[in-house]
1. With each label point set 7 Å from Cα along the Cα-Cβ vector, what nm distance links GLU87 and ALA73?
2. Within region 92-116, what residues put their amide N at less than 14 Å from the label point 7 Å along the Cα-to-Cβ vector of ASP40?
3. What is the ratio of the Cα radius of gyration of region 76-121 to 2.2 N^0.38 Å, where N is its residue count, to two decimals?
4. Which FRET efficiency value, to the nearest 0.05, is calculated for ARG189 and GLU125 with the Förster distance at 30 angstrom and r the Cβ-Cβ distance?
5. So if we plug the beta-carbon distance of GLU18 and ALA152 into 1/(1 + (r/R0)^6) with R0 = 30 Å, what FRET efficiency do we get, rounded to 0.05?
6. Hey, with R₀ at 35 Å, roughly what FRET efficiency would ARG182 and THR30 work out to, going by the Cβ-Cβ distance, to 0.05?
Amino acid sequence: MQTGTDLDHDALRRAVLEATLGHVPFDGWTQASLNAGARDAGLPDGSALLAFPNGPVEAIAFWAADADRAMLAALESMDAGKLRVRERVAAAIRLRLEAVAPHREALRRALGLLALPHNAPRAAELTWRTVDAIWWAAGDTATDFNFYSKRALLVGVYGSTLLRFLDDRSEGAAETWAFLDRRIADVMRVPKILGNLREKLGKLPNPFDLMKSSPFRRG
């Protein structure tokens, strides 16, 4: 039998997580599921607690980080640099969902647990990490207001596509990918609209200059 001390910490956590995913559809994200996963992985008692001392939410966070890494590796292997930005973003979201596709019910249960009020900060953190990774992988280097606006927009796209994906029973999730393409098209129009608006606003006269020349201004 392999012991927890035979593995580095990430390898231990990955072993427990992979075995736990099969229990989650039946028992949810619970300490009992983590303990059962550790036993299935041939690890001694206490290994689940050693791997995830903060319990199931920590296991979900590790799963999310692993899925982000798988997405980035897959995107790099497909030479995404030749794609347009919107195509890279769409490809990244698709790869991210495909990384967890074998465990849709575990994903559904994870979203349910993260939706609880006391887990909201962790849920927001995990979503932000994913969309941030997607934008960087798409080649975004913005450091100004656009850095935040792009990610805020993508949170909505990613979240709605994720929910669509969970219930999609179409061949090859075709309905989800069509939905994703439409949402990406909508989001890519927003920066252009904002840019045009800023340009138009920049051509308007300065209101303070108008006040100086106003016949109603005293002085």
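1. Taking the simple label geometry, GLU87 and ALA73 are separated by 2.5 nm.
2. Counting only backbone N, you get 102-107.
3. That ratio works out to 1.57.
4. Calculated transfer efficiency: 0.60.
5. The calculated FRET efficiency here is 0.35.
6. Efficiency computed from Cβ-Cβ geometry: 0.40.
Since every read-out is calculated from the coordinates, none of them should be taken as a lab result. This one's a predicted model, so the numbers in the text were calculated from it and none came from an experiment. Don't worry about glycine lacking a Cβ; one is built from the backbone with ideal geometry, like all the others, and counts go over all protein chains shown.
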